[in-house]
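The values are calculated or read from the model by the stated rules, or taken from the named source; none is laboratory data. None of the values given here were measured: they were computed from a predicted structure. Backbone-built Cβ (ideal geometry, glycine too); neighbour counts: all protein chains shown. The protein model used for the area step is the full one, side chains on, heavy atoms only, and it has no ligands, DNA or RNA in it. Shrake-Rupley method; radii C 1.70, N 1.55, O 1.52, S 1.80 Å.
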Amino acid sequence: MLELSINDSDRLVKVAHALSTQTRIGIIKLLLAKANLNILEIAEQLDIPVSTAANNVKVLEEAELIVTELQPATRGAMKVCSRNFDDVRMILNPKAYDQNTSKVEEIEMPIGHFINFDIVPTCGMANATGMVFQEDDPVNFYLPESRTAEIIWFRKGWIEYRFPRKLPAGAQIQILEFSLEICSEAPNFNNDWPSEITVWINDIEVGSWISPGDFGDYRGKLNPSWWYDNSTQHGLLKTWSTDLNRSMVDKEKCSDVTLRDLHLEEKPFITFRIGIKPDAKHQGGINLFGKGFGDYAQGIVMKLQYD
């Protein structure tokens, strides 16, 4: 890729000039279709005089968009052309383009470090060595051992986490993002088991995503050896994000909730709740994966992009 900046105006003008005629664009197109062409071949295919082809090749060569090489011919030598770049990017506002103008604070929360919950069986959790406690009794979620969980599941309700809002003084948050591996919760597993999973941030509903199933089609890459084959194996890595204009799931808009609606500045922490709404059309439960289960070696990751 050739990357040009308005700060290097001489080169920007030279490349822009080289791309300013249909003839030279035609030469670039020919070299995209065939890696190497000589001047005669270019002239024939574009139906232009050889001298015109040669002059335009020289302009493209001076702009470094193509390279040429002299090769032996029947009489003397011929100039063979090939493209130098597959893409050209022109940056007219370097400050806006420079991603270093924004900083990112990232915090990963183990899935067992929840602060509150309201769930309905089926439910349970497991870690690297076995089941954390007997299944289907929500009161067990209060046990200290729950902090060791690497997979948590429940059919209805929600679970909530609290992340520190730790930023430099005066920092202005531009994007808030949460990513985690999740899927539905079916008996054993069922790849066709939709579940409408909703996220709330600071008690504000930011958006829902319909999980297509509870996946057991192959064994999760990180699952411990003791984990049962005929059960949930992995999820999908999903990302909820909120910026100054909207909220999204995997970059697709899911609501009009903005950062302003979340009142992030009012408390030193940010709450993240995930669950199934009582009126959800598809109440297919949740499996939440930590570092030791599924396909992605992470818990719940919060990213704060700020200026």
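A few remarks follow.
- Carbon and sulfur %, accessible surface of the stretch 1-60 computed with the full protein complex present, 1.4 Å: 53 percent
- In the stretch 155-270, taking the dipole from charged Cβ atoms about the Cα centre, the farthest positive-side position among ALA171, GLY216, MET248 is held by ALA171.
- A 1.4 Å probe run over the stretch 199-244, with the rest of the protein chains in place, finds 43 Å² accessible per residue.
- Over the chain, Cα pairs under 8 Å with separation of 6+ residues give a relative contact order of 20 percent.
- For the set MET109, MET131, the ranking by accessible area, highest first and with no ligand, DNA or RNA atoms included, is MET131, MET109 under a 1.4 Å probe.
- Using the Cα coordinates of the stretch 1-79, the gyration tensor eigenvalues translate into equivalent-ellipsoid semi-axes of 25, 13, 11 Å, sorted from longest to shortest.
- Protein-only accessible surface order, largest first, of SER9, SER208 at 1.4 Å: SER9, SER208
- Karplus-derived 3J(HN,Hα), 6.51/-1.76/1.60, for each residue of the stretch 61-66, Hz, glycine and proline x: 5, 5, 7, 6, 7, 10
- Within the chain, helix-based [θ] at 222 nm, where runs of 4 or more DSSP H residues each add -39,500 (n - 2.57), nearest 500: -4500 deg cm²/dmol
- Protection proxy ranking of 211-222, 262-273 - average other beta-carbon atoms within 10 Å, highest first: 211-222, 262-273
- Ordered by 1.4 Å accessible area with all protein chains kept, THR23, THR258 run largest first as THR23, THR258.
- Straight-distance candidates among the lysines for linking to LYS166, with alpha-carbon spacing under 26 Å and chain neighbours fewer than 8 residues away dropped: LYS95, LYS103, LYS238, LYS251, LYS267, LYS291, LYS303.
- Derived scalar couplings between HN and Hα for the stretch 31-42 equal 6, 6, 6, 9, 4, 10, 9, 8, 4, 4, 5, 5 Hz in order, rounded to whole Hz, by the Karplus curve 6.51 cos²θ - 1.76 cosθ + 1.60 (θ = phi - 60°), x for Gly and Pro.
- Dimensions (Å) - the stretch 187-307, Cα atoms, principal axes, largest first: 45, 31, 23
- Scaled against 2.2 N^0.38 Å for its residue count N, the alpha carbon radius of gyration of the chain is 1.47.
- Listed by chain and number, the lysines whose C-alpha is less than 16 Å from the C-alpha of LYS14, apart from same-chain residues fewer than 8 away, are LYS58.
- In a fully extended conformation the segment linking LEU30 and ASP137 would gain 31.6 nm over its present Cα-Cα distance, using 0.36 nm per residue.
- Applied to the stretch 165-176, the Karplus parametrisation 6.51 cos²θ - 1.76 cosθ + 1.60 on θ = phi - 60° returns per-residue 3J(HN,Hα) values of 8, 10, 9, x, 4, x, 5, 10, 6, 9, 9, 10 Hz, with x for Gly and Pro.
- Around the amide H of ARG246, modelled in the peptide plane, lie the amide H atoms of LEU259, all under 5 Å away and 5 or more residues distant in sequence or on another chain.
- Rolling a 1.4 Å probe over the protein heavy atoms leaves LYS103 with an accessible area of roughly 120 Å².
- Relative contact order (%) - criterion: Cα under 8 Å, at least six apart; region: the stretch 35-157: 19 percent
- Length-normalised contact order of the stretch 1-102 in % [C-alpha pairs under 8 Å, at least 6 apart]: 38 percent
- Within the shell of other residues whose beta carbon sits under 10 angstrom from the beta carbon of SER255, the net charge comes to -1, with Lys and Arg scored +1 and Asp and Glu -1.
- Most tightly packed first, judged by the mean number of other beta-carbon atoms within 10 Å of their residues, the peptides 297-305, 42-50 read 297-305, 42-50.
- Charged neighbours of GLY26, selected by a Cβ distance under 14 Å, balance to +1 (K, R count +1; D, E count -1).
- Gaussian network model of the chain, Cα within-10 Å springs - most flexible of ASP229, ASP87, ASP279: ASP87
- Summing Cβ point charges (Lys, Arg +1; Asp, Glu -1) relative to the Cα centre of the chain gives a dipole of roughly 780 debye.
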